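A short worksheet on the structure shown next.
The values are calculated or read from the model by the stated rules, or taken from the named source; none is laboratory data. Keep in mind it's a predicted model, so treat the numbers as computed, not measured. Note: ideal-geometry Cβ built from the backbone for every residue, glycine included; neighbour counts use all protein chains shown. Each accessible area value is taken on the protein alone, full model and side chains, heavy atoms only, with ligands, DNA and RNA left out. Shrake-Rupley method; radii C 1.70, N 1.55, O 1.52, S 1.80 Å.
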Amino acid sequence: MNRISPNAAPAAKSAAPVGKILAIDYGRVRIGLAIAESPQDLAQPLATLERINRNEDMRRLRELAGQHSVKLIVVGLPLRLDGTRGDMAEETERFAQRIRKQIGVPVEMTDERLTSWEAERQLEEQFGRRSKVAESSSRKKKATEKFSVDSMAAAILLREYLERTHAAAESAARDEAR
């Protein structure tokens with residue numbers, strides 16, 4: 001299997017393509033999604049997909065990628081805190097390979113350590129509660145559905161990816177100017 005460095009930002013010459021970037025926070029129960037309109041744009045939560053099965057999940061992701069004209073997909077790699085790979089990281093790498101083959105869009109993996117923790121913290125600050133708690137008001141639920149822990153984690157991992165990519169491109173430009 002092709003191993004991908006989780007911290008490697010693309011080199012300046014192979015920077016993320018111009019166009020929309022979809023981030024995926026893969027989980028066994030839910031898939032969090034976030035999007036950025038371009039590599040220079042802000043990452044925003046998009047949706048959370050409840051997992052059904054591999055084929056249906058891939059069909060929905062392919063449809064979403066097409067609807068949003070996605071040019072790059074960034075998948076969070078759930079490394080352990082010490083940086084080693086566990087079963088979930090291996091499963092996520094297989095998922096990323098399936099996306100590459102079935103959706104036909106370039107896929108990069110990025111370290112997602114602590115993104116779910118950060119997402120929960122941000123949601124508690126914004127909404128005063130954990131997002132997985134059921135809402136009694138359907139209007140309130142509709143407004144916060146987009147901001148699940150999973151989609152917020154995807155937005156955080158996309159934001160961090162974009163920051164690393166931008167920093168790598170700036171560093172390469174400085175080196176080239178010398």
Only one residue in Glu135, Glu176, Glu108 is open to solvent by 20 Å² or more (accessible area, probe 1.4 Å) and at pLDDT 85 or above, so which one is that? Glu108
Being closer than 17 Å to Ser148 by Cβ and at pLDDT below 95: is that true of Pro45 here? yes
Let me spell it out: the conditions are (1) among the β-branched types (Val, Ile, Thr); (2) within 17 Å of Leu158 (Cβ to Cβ); (3) out of contact with any Pro (no Cβ under 7 Å at 6 or more places or on another chain), and Thr92 meets all of them except one. Which number is the exception? (3)
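So is Leu22 part of a loop (DSSP other than H, G, I, E, B) and among the aliphatic types (A, V, I, L, M) or not?
Working: part of a loop (DSSP other than H, G, I, E, B): no; among the aliphatic types (A, V, I, L, M): yes.
The answer is no for Leu22.
Considering region 63-92 alone, what residues qualify as being touching a helix residue (DSSP H, G or I) at 6+ places or on another chain (Cβ under 7 Å) and over 16 Å from Arg30 (Cα atoms)?
The answer is Ala65, Ile73, Val74, Leu79.
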Checking Arg62 against (1) at pLDDT 95 or above; (2) under 13 Å from Tyr161 (Cβ atoms), the condition it does not meet: (2)
Within region 59-87, count every residue that is touching a residue at least 40 places away in the same chain (Cβ under 8 Å) and open to solvent by 50 Å² or more (accessible area, probe 1.4 Å). 3
